[in-house]
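K.L.:
This is the structure I have questions about; it appears just below.
The values are calculated or read from the model by the stated rules, or taken from the named source; none is laboratory data. The model shown is predicted, which means the values in this text are computed figures rather than measured ones. Virtual Cβ from ideal backbone geometry, glycine too; neighbours counted across all protein chains shown. For the accessible areas, the whole protein counts, side chains as well, though only heavy atoms, and no ligand, DNA or RNA atoms are used. Shrake-Rupley method; radii C 1.70, N 1.55, O 1.52, S 1.80 Å.
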Amino acid sequence: MNAVHAELRKLLTLPSLRWTALLTLAVNVLLCLAYAAAGSRGGPTGADALAPLASSQAGFLAMGALAAASEHQAGAQIRTTLLALPRRLPLQAAKATALVVGTLPVAAGVAATVALVVGDSGRTAAATAYLVLTTVLAASVGGLVRRLLPALLALLTLYFVAGPLLRLRFGSSAPWLPDTAATDPSHGAAATVVWTLAALVLAAFAVSRRDA
Amino acid sequence: MSRVHAELRKLLGLPTAWAGLVLGVVLNPLVVLLNASATRRMIASGALTDVADLGLQELAVVVIGPVVLGVVVVSSEYTSTADDAPGARQLTTTLAAVPGRLRLLAAKGIAVVLVVAAQATVATTATLALVQLLYGDQVPAPDLPRAAAAVLYWVLTALLAYAITLIARTGVVPLTLLIVNSTLVSVSYLLTKVTDLAVYLPDLAGTRMFVRGRAFPVELAPVTAGLVMAAWVAALLAAGCILFQRRDA
């Protein structure tokens, strides 16, 4: 419990994380307004009703990568962290829990805004869960790569180039991709959970094996 | 000259820059390849009216390479250099070697332009050659001015990323913003449904230099489109230069 509390305070006092959360919330509101305006002018809505999420999730990818990479910046905060909590797997669990608790309000805010615009509040919970899971996945990748920009580049390429392309070309791949659930929860929910758990396990394995 | 040479070597010494170089060269031909069978069907059924856009369209959509290069040339200067001295950043050393800040920015800009121009030439050639290979007689021979405009678009996009990173002093914001916007879920394109003015956004205006087929509320002539994007880049670069001169490193 102490460990989770400590990790949470570390996250909440990171200025870059706070800025990213604020930017994500602000940009999401603007996006929702744009979609609503486009919808009233006969633009793209309807089928991809949760469409703003597809763009807004970029903020959560950035938050996850930031949270994990901040430990590995110069100054190697991770060594101090390990001095305080030498058992690596409990530390990893505390980090994941703190990240979930920390991003939950932001994710709920974004999901509620999207649902409000779409007028489909039944999907708020699903969207919130998706965004939190995405953040955890991003943090796992950030912990594996240990550097912010490369991790973010990999995540953005996966979510914004590889995912859409694969769905466009091989429609049957949609249920297997981690980002399908952003716009189509009924098809990709399981994939999101499995990808996130796999990334978490891989990151935990790497943390327990690699030198800090 | 030696400053540009130094900046080129610094840029090409970054692993992330190489990731950007490789992604930029590989992704666009890959998009063409993945779309091939759907495109063939569309040509056969006559649904595709403007086949001259094939390939060029793909060059307009995924511009990760130039964005990464434009971002890391600045953001790498702001990361700490040593574990035991987290406050020490490469920028301090760089400025000790090149105290003239505008000269430094000019050297960096030239280095980015050179690398991205080379990358864009390779990517454009590969993409258009692949289109010729895949569709043969069904598409016209590549139009050289339009291919050159695509290269120019990539270079201007890199300078846009460079300018925004100078202003933001972190790579996260411009990298996320520009990659998300340049891919298949383009926010700029959504904005054209909200206001006609959105066609003057730098990325949309820039693509009008060489892509004709997409329907837009306001038609821009290729040269006008280029000038609009160049004006954006010039304004942001000016803002970035002023801030870089005024702020503590």
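K.L.:
Of all the residues that make up the range B:195-206, how many are hydroxyl-bearing (Ser, Thr, Tyr) and more than 14 Å from B:Leu227 (Cβ to Cβ)? Spell out the reasoning first.
P.N.:
Taking the range B:195-206 as the starting set, the residues that turn out to be hydroxyl-bearing (Ser, Thr, Tyr) are B:195, B:200.
This time we only want the ones that are more than 14 Å from B:Leu227 (Cβ to Cβ), so: B:195.
Count: 1.
K.L.:
Determine whether the range A:133-144 contains at least one residue that is at pLDDT 90 or above and more than 13 Å from the chain's Cα centre (by Cα).
P.N.:
Taking every residue of the range A:133-144 in turn, at least one turns out to be at pLDDT 90 or above and more than 13 Å from the chain's Cα centre (by Cα).
K.L.:
Still on this structure, I have one more. Working carefully through the options A:Val145, A:Val136, A:Val161, A:Val118, find the one that is open to solvent by 30 Å² or more (accessible area, probe 1.4 Å) and under 19 Å from A:Leu53 (Cβ atoms).
P.N.:
A:Val118 is the lone residue from the list that is open to solvent by 30 Å² or more (accessible area, probe 1.4 Å) and under 19 Å from A:Leu53 (Cβ atoms).
K.L.:
Quick check: is even one residue across the range A:177-197 open to solvent by 40 Å² or more (accessible area, probe 1.4 Å), under 23 Å from B:Val172 (Cα atoms) and at pLDDT 90 or above?
P.N.:
no
K.L.:
Just wondering, is there one or more residues in the range B:182-200 that are away from chain A (no Cβ under 14 Å), surrounded by fewer than 22 Cβ atoms within 10 Å (Cβ to Cβ) and farther than 18 Å from B:Val151 by Cβ?
P.N.:
In the first step, residues of the range B:182-200 are kept if they are away from chain A (no Cβ under 14 Å); the result is B:199-200.
After this cut, where a residue has to be surrounded by fewer than 22 Cβ atoms within 10 Å (Cβ to Cβ) as well, the list is B:199-200.
Checking the rest, the ones that are also farther than 18 Å from B:Val151 by Cβ come to B:199-200.
Checking the range B:182-200: at least one residue is away from chain A (no Cβ under 14 Å), surrounded by fewer than 22 Cβ atoms within 10 Å (Cβ to Cβ) and farther than 18 Å from B:Val151 by Cβ.
K.L.:
Residue by residue through the range B:35-77, note down the ones that are in contact with a Leu (Cβ under 6 Å, 6 or more places away or on another chain), of a type outside the set (A, V, I, L, M, F, W, C) and part of a helix (DSSP H, G or I).
P.N.:
Matches in the range B:35-77: B:Gly65, B:Ser76, B:Glu77.
K.L.:
Read through the list (1) among the charged types (D, E, K, R); (2) within 13 Å of chain A (Cβ to nearest Cβ); (3) surrounded by fewer than 17 Cβ atoms within 10 Å (Cβ to Cβ), then give the number of the only condition that B:Asp50 fails.
P.N.:
In the conditions (1) among the charged types (D, E, K, R); (2) within 13 Å of chain A (Cβ to nearest Cβ); (3) surrounded by fewer than 17 Cβ atoms within 10 Å (Cβ to Cβ), B:Asp50 misses (2) alone.
K.L.:
Also: Regarding the range B:113-122, can at least one residue be identified that is open to solvent by less than 30 Å² (accessible area, probe 1.4 Å) and without any contact (Cβ under 8 Å) to a residue 12 or more places away in the chain?
P.N.:
Within the range B:113-122, not a single residue is open to solvent by less than 30 Å² (accessible area, probe 1.4 Å) and without any contact (Cβ under 8 Å) to a residue 12 or more places away in the chain.
K.L.:
Follow-up. Could you go through the range B:63-83 and let me know if any residue there is more than 12 Å from every other protein chain (Cβ to nearest Cβ) and among the charged types (D, E, K, R).
P.N.:
Yes.
K.L.:
If the requirement is being closer than 17 Å to A:Tyr35 by Cβ and more than 14 Å from every other protein chain (Cβ to nearest Cβ), which of these qualifies: A:Val106, A:Val117, A:Val110? First the steps, then the outcome.
P.N.:
Numbers: A:Val106 fails: closer than 17 Å to A:Tyr35 by Cβ; A:Val117 fails: more than 14 Å from every other protein chain (Cβ to nearest Cβ).
Criteria check complete, one pass: A:Val110.
K.L.:
If a residue must be assigned to a loop (DSSP other than H, G, I, E, B) and surrounded by fewer than 17 Cβ atoms within 10 Å (Cβ to Cβ), how many such residues does the range B:125-168 contain?
P.N.:
Number satisfying all stated conditions: 3.
K.L.:
Now for a separate question. Exactly one of these conditions fails for A:Ala125: (1) among the aliphatic types (A, V, I, L, M); (2) over 16 Å from the mean Cα position of the chain (by Cα); (3) open to solvent by 30 Å² or more (accessible area, probe 1.4 Å). Give me its number.
P.N.:
Checking A:Ala125 against (1) among the aliphatic types (A, V, I, L, M); (2) over 16 Å from the mean Cα position of the chain (by Cα); (3) open to solvent by 30 Å² or more (accessible area, probe 1.4 Å), the one that fails is (2).
K.L.:
Do you know which residues across the range B:1-18 are open to solvent by 40 Å² or more (accessible area, probe 1.4 Å) and either closer than 21 Å to B:Ala150 by Cα or within 13 Å of another protein chain (Cβ to nearest Cβ) (or both)?
P.N.:
The answer is B:Pro15, B:Trp18.
K.L.:
All but one of (1) closer than 26 Å to B:Leu134 by Cα; (2) out of contact with any Gly (no Cβ under 7 Å at 6 or more places or on another chain); (3) not in a loop (DSSP other than H, G, I, E, B) hold for B:Gly24; state the number of the condition that does not hold.
P.N.:
The one condition B:Gly24 does not meet is (2).
K.L.:
Being at the interface with another protein chain (Cβ under 9 Å from one of its Cβ atoms), assigned to a helix (DSSP H, G or I), of a type in the set (A, V, I, L, M, F, W, C) and under 30 Å from B:Ile179 (Cβ atoms) is true for just one of A:Ala54, A:Ala69. Which residue is that?
P.N.:
Sole residue among the options that is at the interface with another protein chain (Cβ under 9 Å from one of its Cβ atoms), assigned to a helix (DSSP H, G or I), of a type in the set (A, V, I, L, M, F, W, C) and under 30 Å from B:Ile179 (Cβ atoms): A:Ala54.
K.L.:
Could you check B:Ala238 against (1) closer than 25 Å to B:Leu33 by Cα; (2) open to solvent by 40 Å² or more (accessible area, probe 1.4 Å) and say which number it fails?
P.N.:
Of everything listed in (1) closer than 25 Å to B:Leu33 by Cα; (2) open to solvent by 40 Å² or more (accessible area, probe 1.4 Å), B:Ala238 misses just condition (1).
K.L.:
List every residue pair whose Cβ atoms lie under 7 Å apart, where the two residues are 6 or more positions apart in sequence or sit on different chains, the first residue falls within the range B:1-27 and is at negative phi, and the second residue, located anywhere, is assigned to a helix (DSSP H, G or I) and open to solvent by 70 Å² or more (accessible area, probe 1.4 Å).
P.N.:
Listed pairs, sorted by first residue: B:Arg3/B:Arg103; B:Val4/B:Ile110; B:Leu8/B:Leu114; B:Val25/B:Val122.
Here's the yes/no breakdown for (1) in contact with a helix residue (DSSP H, G or I) (Cβ under 8 Å, 6 or more places away or on another chain); (2) crowded, with 17+ Cβ neighbours inside 10 Å; (3) at pLDDT below 90; (4) more than 19 Å from A:Leu8 (Cβ to Cβ):
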| residue | (1), (2), (3), (4) |
| --- | --- |
| A:Pro52 | yes, yes, yes, yes |
| A:Ala58 | yes, yes, no, yes |
| A:Gly64 | yes, yes, no, no |
| A:Ala68 | yes, yes, no, no |
| A:Ala76 | no, no, yes, yes |
| A:Thr80 | no, no, yes, no |
| A:Val101 | yes, no, no, no |
| A:Val106 | yes, yes, no, no |
| A:Gly109 | yes, yes, no, no |
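K.L.:
Sticking with this one: Just to be sure I understand the filter: pairs with C-beta atoms under 7 Å, separated by 6 or more residues or on different chains, first member in the range B:151-174 and in contact (Cβ under 8 Å) with a residue 40 or more places away in the chain and more than 14 Å from chain A (Cβ to nearest Cβ), second member part of a loop (DSSP other than H, G, I, E, B) and not β-branched (Val, Ile, Thr). Which pairs pass?
P.N.:
Hits for this filter: B:Leu152/B:Met209; B:Tyr153/B:Met209; B:Tyr153/B:Phe210.
K.L.:
Within the range B:201-233, track down each residue that is open to solvent by less than 60 Å² (accessible area, probe 1.4 Å) and under 30 Å from B:Arg89 (Cβ atoms).
P.N.:
Hits for the range B:201-233 are B:Pro202, B:Val233.
K.L.:
Let me ask something else about it. Could you list, in sequence order, the residues of the range B:87-110 that are of a type in the set (Gly, Ala, Ser) and farther than 21 Å from B:Ile242 by Cβ?
P.N.:
B:Gly87, B:Ala88, B:Ala96, B:Ala97
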